[in-house]
Amino acid sequence: MMSQRLLIVEDSKPIATVIKQIARSLKFDVVIATDLAQVENILSTDTDFFAATIDYALPDALDGEAIACVLSHGIPSIVMTGKMDDETRQKILSQPVIDYIPKENSQAFLYLKRVLHWQQTNNKNTILVVDDSSSARNHIVELLKRRNFNVITANNGVQALEKLAQHKNIKMVITDLEMPAMDGIELTNEIRRVYTREQLAVIGISGASSGIHSARFIKNGADDFLRKPFCPEEFYCRITQNIESLNNIAKIQHAANTDYLTDLANRRAFFRSAESRIKEYINKKVPYCLAMIDVDFFKKVNDTYGHDIGDQVLKVIALYMRKHFGAGLTARLGGEEFAVLLHGLDTDYLHNKLDDFRREIAVSAIPAGDTSISITLSLGVVFDSLDEFSKQMNEADNALYAAKENGRNQIVVFGAELDD
């Protein structure tokens, strides 16, 4: 993938250097222009820029002329300005810029980094805009697209619920209050029957002058409220704040449910998901197995090569688990103990999947500093059990213990170890 390019229009060398460092940290290639003549010269042959930062006042363009020049080439632009009177602000905001940033202190550059990062990542966020007025809807869509969001639209609440059912990746709904068929407050209520605040943000909008609507929206499950007409600045601040909140919650949930070393599910997440999946398999009579996996002589690996190499071994096992059990539920339960829940055609198919995995690990050379090491795994497995999940885990654990006792590097099926 080609690097994204940033055009920096700035006559102050120290400020241009700071912006360049910020851009490099976000993996941008940088082109710098120090006056309007240079900007025109560059853009006469090269307009392939992801975005631009534009100093409002340049030696040969004191009154923001460079902004219109860059925007005329379709390059999304952020204006950096030391001039912050109301007239200048209105002049900047009347143009389709991404944002403007007053060059007041170091916070300006931290904010610039955030804005550029949002421009790179907002395309992963889908927003549903609901309004029966096409002009109001189009205005919001245009503002969102300027910030690189994916946007879906609906004319009323009923249509909005259909769109939510069709598109599972919607992160936010922006809804007008006054609409036919189903108004914004009814829609918010319906959304909250299905989606929690952790899954989806709702922002209510109304042109009504009464202050009661903001309270009604919030009490019915909205996260925020905007009164029309709103200025783009306030709009972007509310949108960004709510999207960042959702993303932070998602990160916290990921951390709570994921093993930090291997990025597999952790014990807590595995127990919760496996229990519900097993009930489903039993109800639908789907063949399945639950397997416990343990690294043979793992203490010896740690004692001989050190804990860093031990961690490397665990990461490699996780990679192989993803490769072999992609559709299954995989987890690191702790230490050198792993688990997998698989469903498939029949017992033979599932047993072969597990054994292919065991064999590939056994013949693999795992890098360990200047050398490489071989390891083996023992597996205990339960097939198509109707027992409670906790009992199945005990049974798989007993079978794993039997695999260790029988000489390791093998699969033992619960029940079969009693046949010896």
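The values are calculated or read from the model by the stated rules, or taken from the named source; none is laboratory data. As the structure is a prediction and not an experimental result, all values here were calculated from the model. Every residue, glycine among them, receives a Cβ derived from its backbone with ideal geometry; neighbour counts consider all protein chains shown. The protein model used for the area step is the full one, side chains on, heavy atoms only, and it has no ligands, DNA or RNA in it. Shrake-Rupley method; radii C 1.70, N 1.55, O 1.52, S 1.80 Å.
Assorted remarks:
- Hits in the stretch 285-310 (condition: under 32 Å from the mean Cα position of the chain (by Cα) and exposed (fewer than 13 other Cβ atoms within 10 Å of the Cβ)): H307, D308
- Considering only residues in the stretch 376-408 that are of a type in the set (D, E) and part of a helix (DSSP H, G or I), the one that is farthest from E360 (Cα to Cα) turns out to be E395.
- Meets criteria (surrounded by fewer than 13 Cβ atoms within 10 Å (Cβ to Cβ) and not polar (S, T, N, Q)) for D85: yes
- Here the condition is being free of Cβ contacts under 8 Å to residues at least 60 places away in the same chain and under 25 Å from V413 (Cα atoms); of N266, N302, N283, it holds for N283 alone.
- Options L329, L341, L319; residue that is within 29 Å of the chain's Cα centre (by Cα) and open to solvent by 40 Å² or more (accessible area, probe 1.4 Å): L319
- Residue within the stretch 62-73 that is surrounded by 18 or more Cβ atoms within 10 Å (Cβ to Cβ) and in contact with an Asp or Glu (Cβ under 7 Å, 6 or more places away or on another chain) present: yes
- Search result, residues across the stretch 214-260 that are within 20 Å of the chain's Cα centre (by Cα), farther than 23 Å from K145 by Cα and assigned to a helix (DSSP H, G or I): I249, A250, K251, I252, Q253, H254, A255, A256, N257
- Subset of the stretch 153-184 that is of a type in the set (G, A, S) and within 20 Å of R227 (Cα to Cα) - its residue that is surrounded by the fewest Cβ atoms within 10 Å (Cβ to Cβ): A154
- Odd one out for V151 among (1) within 22 Å of the chain's Cα centre (by Cα); (2) farther than 21 Å from H139 by Cα: (2)
- Exclusive hit being crowded, with 16+ Cβ neighbours inside 10 Å and either among the aromatic types (F, W, Y) or assigned to a strand (DSSP E or B) (or both), set Y111, Y100: Y100
- Among the conditions (1) in a helix (DSSP H, G or I); (2) open to solvent by less than 40 Å² (accessible area, probe 1.4 Å); (3) among the aromatic types (F, W, Y), the only one that Y349 does not satisfy is (2).
- Residue that is nearest to K228 (Cα to Cα) [pool: residues in the stretch 185-213 that are assigned to a helix (DSSP H, G or I) and in contact with a Phe, Trp or Tyr (Cβ under 7 Å, 6 or more places away or on another chain)]: I185
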